[in-house]
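Enquirer: Before we start, here is the structure in question, set down as C-alpha cells.
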Amino acid sequence: MLYFWTLSKITPYFLTIVGGLFLTYLFSKISGRIRFIRFFIWAVPFGIYFILKPIYEGDFSNNYREISLKKGLISSKEDQLLVITIPGCPFCMASIQTMKQIKKRVPTLKVKYLVCSSDSLTIKSYSREINGSFPISTTQNPTEWAKICQGKFPSYVLVTKNGTRIWSNDNFGSLAKDEVERYFN
C-alpha cells in the first residue's frame, strides 16, 4: 500500500468523527429539541481519542534535508537507511520497533544502526533489542555524525544513488515512512 503509515495514523481520527456523527444521529432521534448538546455528543469521541493519542507536529511531516556525506563516513554506497543513535537514548531504542515493522513490510529495505560512540560496549542494549534484525555498529566519527544530525537523535539517513536525505526524529512522520517504503518497493 502506498500510504500505509499515513492512512493508519489518520484512520482512527476519522472513525471517531464518524462515530460521533452516528451518536448525534441516534441522540437526535431520542431528543430532537436539545440542539446544542448534539455538538458535544459529536465531539466527545474525537476529543477523548485526541486526549489519549494527540496529533504532534511531526506526525504527518516529511521534512528532510538533502546532505552530502564526506568520503569514508559510510562503508557502503548501496541504497540503505541508516539510523543514527546515541547511547542510552529512549527514543532511539523505541525506533527499533518501527524499523522492524518497516522491514517486515519491505524486506528489500537495508537498515543499519550506527551508535555515535567509539566505545563498543555502548551498543549492547541496542544489540539485545535489535536481536539480529539489522546490523549495528559504533561510528568511527561520532562527532562528525552528531554535527550531521544537528544533535537530534535518532536521525534517519536515506542513502541512495540519487542523493542522501536526513530526517530528525520529530520529522520522520508517517509521510516520511511512506516515502522510504515507496523507494525500496
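Enquirer: Karplus couplings for the range 165-175 from phi (6.51 cos²θ - 1.76 cosθ + 1.60, θ = phi - 60°), rounded to Hz, Gly and Pro as x?
Expert: Once rounded to whole Hz, the list reads 10, 9, 10, 7, 4, 6, 10, 8, x, 4, 5.
Enquirer: In the range 86-185, what percentage of the DSSP-assigned beta bridges are antiparallel, given to the nearest 5? Walk me through the intermediate numbers first.
Expert: Values: 6 of 9 bridges.
Restricted to the range 86-185, the bridges split so that about 65 percent are antiparallel.
Enquirer: Give me the percent relative contact order of the range 132-184, please, defined on Cα pairs under 8 angstrom at least 6 residues apart.
Expert: Relative contact order here is 22 percent.
Enquirer: Rank these residues by their accessible area, most exposed first, probe 1.4 Å: Y13, Y49, Y56.
Expert: I get Y56, Y49, Y13, largest accessible area first.
Enquirer: Hey, for a label at K161 modelled as a point 7 Å past Cα toward Cβ, could you say which residues of the range 68-89 have their backbone N under 12 Å away?
Expert: So the set is 78-79.
Enquirer: How would L69, L26, L21 rank on accessible area, largest to smallest, probe 1.4 Å?
Expert: If we order L69, L26, L21 from most to least accessible, we get L21, L26, L69.
Enquirer: A follow-up question, please. Using a 4.7 Å cut-off between beta carbons, which cysteines in the chain end up with no partner cysteine at all?
Expert: That list is C116, C149.
Enquirer: How high is the FRET efficiency between L21 and L52 when r is their beta carbon distance and R₀ equals 25 Å, given to the nearest 0.05?
Expert: Values: r = 20 Å, r/R0 = 0.79.
Step by step, r from the Cβ atoms, then E = 0.80.
Enquirer: Please report, in debye to the nearest 20, how large the charge dipole of the chain is about its Cα centre when each Lys and Arg carries +1 at its beta carbon and each Asp and Glu carries -1 there.
Expert: 380
Enquirer: While we're on this one: Which one, (1) 280; (2) 127; (3) 136, gives volume of the Cα convex hull per residue in Å³ as derived from the coordinates shown?
Expert: Structure-derived value, by its label: (3).
Enquirer: Where only protein heavy atoms count, and the probe is 1.4 Å, what is the accessible area per residue for the range 30-185 in Å²?
Expert: 58
Enquirer: Still on this structure: If you line up the long axis of helix 35-52 against the longest principal axis of the chain, both from Cα atoms, how many degrees apart are they, to the nearest 10?
Expert: It is inclined by approximately 20 degrees.
Enquirer: So for the chain, averaging the separation of alpha carbon pairs under 8 Å that are six or more residues apart and normalising by length, what relative contact order in percent results?
Expert: Relative CO of the chain lands at 30 percent.
Enquirer: What's the angle, to the nearest 10 degrees (0 to 90), between helix 4-30's Cα axis and the longest principal axis of the chain?
Expert: With rounding to tens, the tilt is 10 degrees.
Enquirer: For a test of understanding, tell me how many lysine pairs in the range 78-185 have Cα atoms under 16 Å apart, given they are 8 or more places apart or on different chains.
Expert: 11
Enquirer: Here's a follow-up. Which angle from 0 to 90°, rounded to the nearest 10, does the C-alpha axis of helix 90-105 make with the longest principal axis of the chain?
Expert: Compared with the principal axis, the helix lies near 80 degrees.
Enquirer: Taking all protein chains as present, what is the carbon and sulfur share of the accessible area of the range 1-149, in % to the nearest whole number, probe 1.4 Å?
Expert: 64
The values are calculated or read from the model by the stated rules, or taken from the named source; none is laboratory data. Because the structure is predicted, anything quoted here is derived from the model rather than measured. When we count neighbours, we look across all protein chains shown, and the Cβ atoms used for this are built from the backbone with ideal geometry, even at glycine. Ligands, DNA and RNA are stripped out before the accessible areas are found, and what is left, the full protein with its side chains, is counted by its heavy atoms. Shrake-Rupley method; radii C 1.70, N 1.55, O 1.52, S 1.80 Å.
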